[in-house]
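Worksheet: one structure, shown below.
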Amino acid sequence: MVESQPETGHKDSEKIKKKKNRSVKRELLKLAIFFGCFALFFSPMNTSFANFLLFHPYSKMEIHQPTMDLLRDKFDAKWNILTFDAPDRSKLSAWYWEIPNPKGTILVSHGNAGNLSHRVHLLAPMMGSGYSVFLYDYRGYGESEGKSDDRTIVEDGLAAYDYLTRKLDIKPSDIVLYGESLGCAVSTEILQKRQAKAVVLQSCFASVVDAARDKFHWTIIYPDYLFPQRHLDNITAYTRPHPPLLLLHGEQDFILPAAYAKKVYEKAIEPKTLYLVKGCGHNDFYMNDAASAIAGFQGFLSKLDAPR
């Protein structure tokens, strides 16, 4: 008579196998949760994190009075310290450097760090071209109230433009929009909603999506439509009729490489000018290789103002 073998060993092995499977599933779930949290936190949709990366305001104004006195004397300029309202009623600070009989006024939208007092080096090339200059700070920068994000900087740029035309009685046809770095996208968005004599983009990016993917490689996993900041774009507006455009860029710019300016230039329709400065980087424009940088900028304005 043959006796049946006990199945205890087989059942035990099945239990061990099921336990291992459950353990593997738990580990996979933990990994999925971890990578999901990682993807959400570092996502462009996490606007708090995106704003942390984008904006570096500095509240302290750094004013070198002898430089200010020199600028006033050299260009017979009046230095007006002004405030105007953002759409949310935050008070925004501005400097209006007014020269006698100007050819126009340059509206400067600066980059993502510092404040307007760190842009004093722009004044001499601009006033030396025969233009008055209006520098302003976005919300949260310098003495401006509030806090900036990708939408409010555009609102502040439009408020600055409207202050020029409505309060200072400057004609739209006399306004040159000047963007620096992140401010290039602000100037470009102003152009799409207002009129201007010309646009100058210094040290620009092609689009914030391109720049994000180049700087933060993990963002390549996110499709364009997941970037709330994708409206910060320096290409689309120039594929349609636009006033004269100057692209200024330093060939030694390792923060926003000159390839961005070349891309904007290639996509833009006429009138357009690309001027690359060999000795300049990102934060030293008009300081390193100043003569070449100033020549490119002032040469563009002189052609703009030449009798037709």
For the stretch 71-122, size of Cβ-based charge dipole, Lys and Arg +1, Asp and Glu -1, in debye: 60
Environment charge of Leu276, counting only residues whose C-beta is closer than 9 Å and scoring Lys/Arg +1, Asp/Glu -1: +1
Extension gain from Glu145 to Gln252, taking 0.36 nm per residue of separation minus the Cα-Cα distance: 35.1 nm
Probe 1.4 Å, protein heavy atoms only - accessible area per residue of the stretch 149-308 in square angstrom: 44
Entries in Lys60/Lys215; Lys103/Lys262; Lys103/Lys263; Lys167/Lys197 that, when Cα-Cα distance is taken, lie over 21 Å: Lys60/Lys215; Lys103/Lys262; Lys103/Lys263
Relative contact order computed over the stretch 220-308 (Cα-Cα under 8 Å; 6+ residues apart), in percent: 27
Ile220 accessible area, assembled protein chains, probe 1.4 Å, Å²: 120
Length gained when the stretch Arg240-Lys91 is fully extended (0.36 nm per residue, less Cα-Cα span): 50.2 nm
Of all accessible heavy-atom area on the stretch 153-203, the percent that carbon and sulfur account for (1.4 Å): 42
Fully extended contour minus Cα-Cα distance, from Ser173 to Ile63, at 0.36 nm per residue: 36.4 nm
Spin-label model distance (nm) - Leu226 vs Gln192, 7 Å beyond Cα toward Cβ: 2.3
Among Leu191, Val208, Gln252 the positive-end extreme of the charge dipole of the stretch 178-264 (Cβ point charges): Leu191
In range of the label at Asp162: residues from the stretch 191-209 whose backbone nitrogen is under 17 Å from the point 7 Å along Cα→Cβ: 191-196
Dipole of the stretch 54-208, positive direction: furthest Cα of Met61, Ala159, Ser144, with charges on the beta-carbon: Ala159
Ranked by how many other beta carbons lie within 10 Å on average, peptides 108-119, 93-104 from highest: 108-119, 93-104
Accessible surface, the stretch 54-108, averaged per residue in Å² (probe 1.4 Å): 58
Neighbourhood charge, 14 Å Cβ-Cβ cut-off, centred on Arg240 and excluding it, Lys, Arg +1 and Asp, Glu -1: 0
Mean separation of Cα contacts under 8 Å, 6 or more apart, over the residue count of the stretch 58-119: relative contact order %: 36
Average Cα contact separation per residue, the stretch 166-286, under 8 Å, 6 or more apart, as relative contact order %: 24
Carbon + sulfur, % of accessible area of the stretch 250-308 - ligands and nucleic acids excluded, 1.4 Å: 55
Whole-Hz ³J(HN,Hα) from phi, Karplus 6.51 cos²θ - 1.76 cosθ + 1.60, for the stretch 127-137, glycine and proline x: 5, x, 8, x, 10, 6, 9, 10, 9, 9, 10
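The values are calculated or read from the model by the stated rules, or taken from the named source; none is laboratory data. Just so you know, these numbers come straight off a predicted model, no measurement behind them. For neighbour counting, all protein chains shown are included, and Cβ atoms are generated from backbone atoms with ideal geometry for every residue, glycine included. Accessible surface is based on the protein model in full, side chains and every heavy atom, while ligands, DNA and RNA are left aside. Shrake-Rupley method; radii C 1.70, N 1.55, O 1.52, S 1.80 Å.
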